[in-house]
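The values are calculated or read from the model by the stated rules, or taken from the named source; none is laboratory data. Treat the numbers as computed from the prediction; the structure is a model and nothing was measured. Positions of Cβ are backbone-derived with ideal geometry, glycine not excepted, and every protein chain shown enters the neighbour counts.
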Amino acid sequence: MKFGQHEPAHHTLIHISDTHLLAGDRLLGGEYDTRANLRAMLDRIQRVEGASALVITGDLTELGEPDAYRALKDMVEPVAERMGIPIMWIAGNHDERPEMRRDLLGEDYSQKAIRHAFDLDGLRLIALDSTVPGWHHGRIDDEQLDWLRDKLNKPAPRGTILALHHPPLPSHVPMFDILELQNQTAFAEAIEGSDVRAILAGHLHYSMSGSFAGVPTFVAAASCYTMDVARPSRQINGMDAGQSFHLVHVYDDQVTSTVVPVAAADPAEFFTPAWYQRLEAMTPEERLDFFSRKRA
């Protein structure tokens, strides 16, 4: 229902990142229970109504282990099936392309870049592979850039959302710039003048937003652990807190990204279903008077 100037979003993407699953019940770094943290995030995600797709921007596993990919699939796919939405899997620098292809995607065992394009009721989603086998920094190879240009030659009815692991943004955390996406100028040239409306990424383990080549760019924090960016820049480290995911709302004229914390408290009882029903039954003028007017 429309309450203001804007029509409701026509697509809602759930954006999560950096699950870093390990085979077995091992803790990441001997400290972080990546499966329990992902399970808590998935429980929260299932409360979202009207989602269109689940986008997971890389570092799906910590070491690229076959059992970790199978465990991830067993955890995530039933949730997506219950919600009736597709999953967009993106490779990250901790992933291994051959194992990810075979054990997660059911594809041939290959080192080829993992790239896909999906049509989601007129909204085009493109998954890019920014990984460099054997390294942790990012790069989109020339073959992918040519493929991307070819895809973008024909605009999609509702535009295009790109998803990759390494964000094309600067980081105020010094070490992350070492592991940045390297060929950002070539990437910018590939999307110049296209219908790309937003870029989704991960890698940093903290939420961030910016603009790349004039395109809104949203970075989701990790489900496994996050970075405590309140500390001095050369003392920033990981913490088992602050996990979140993003709700990316795609409107006719803009794209927004909302950070949703996994940790939650019991909500207040003011905005009840009955309150919403009362509001919906009013005329626009009555709603403005009821909810906007200041009263002593």
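Of all the strands (runs of 3 or more DSSP E) wholly in region 188-243, which have at least 3 residues that are crowded, with 18+ Cβ neighbours inside 10 Å and among the hydrophobic types (A, V, I, L, M, F, W, C)?
Of the strands (runs of 3 or more DSSP E) lying wholly inside region 188-243, those with at least 3 residues that are crowded, with 18+ Cβ neighbours inside 10 Å and among the hydrophobic types (A, V, I, L, M, F, W, C) span 196-201, 215-219.
List the residue pairs whose Cβ atoms are under 6 Å apart, where the first residue sits in region 139-155 and is in a helix (DSSP H, G or I), the second is at pLDDT 95 or above and basic (Lys, Arg), and the two are 6 or more positions apart or on different chains.
Pairs found: GLN144/ARG115.
Got a number for residues in region 249-296 being in a strand (DSSP E or B) and of a type outside the set (Val, Ile, Thr)?
Total meeting the criteria: 3.
Starting from residues that are free of Cβ contacts under 8 Å to residues at least 40 places away in the same chain and touching a strand residue (DSSP E or B) at 6+ places or on another chain (Cβ under 6 Å), keep the ones in region 257-274 and report whichever is surrounded by the fewest Cβ atoms within 10 Å (Cβ to Cβ).
Residue satisfying both the conditions and the ranking: THR258.
Return the residue satisfying two criteria in turn: it lies in region 102-138 and is in a helix (DSSP H, G or I) and without any contact (Cβ under 8 Å) to a residue 40 or more places away in the chain, and of such residues it is surrounded by the fewest Cβ atoms within 10 Å (Cβ to Cβ).
ARG102
Any residue in region 211-229 that's farther than 20 Å from LEU38 by Cα and small (Gly, Ala, Ser): show its pairings with residues that are at pLDDT 95 or above and surrounded by fewer than 20 Cβ atoms within 10 Å (Cβ to Cβ) at Cβ separation under 6 Å, as long as the two are six or more apart or on different chains.
Matching pairs, first to second residue: ALA213/ALA188.
Is there any pair with a first residue in region 275-296 that is surrounded by 10 or more Cβ atoms within 10 Å (Cβ to Cβ) and a second that is assigned to a loop (DSSP other than H, G, I, E, B) whose Cβ atoms are under 7 Å apart and which are 6 or more apart or on different chains, and what are they?
These pairs meet every condition: GLU280/MET1; ARG287/PHE3; PHE290/MET282.
List pairs: first in region 29-47 and surrounded by 13 or more Cβ atoms within 10 Å (Cβ to Cβ) and among the β-branched types (Val, Ile, Thr), second part of a loop (DSSP other than H, G, I, E, B) and modelled with pLDDT of 95 or more, Cβ under 6 Å, 6+ apart or cross-chain?
Pairs found: THR34/HIS20; THR34/CYS224.
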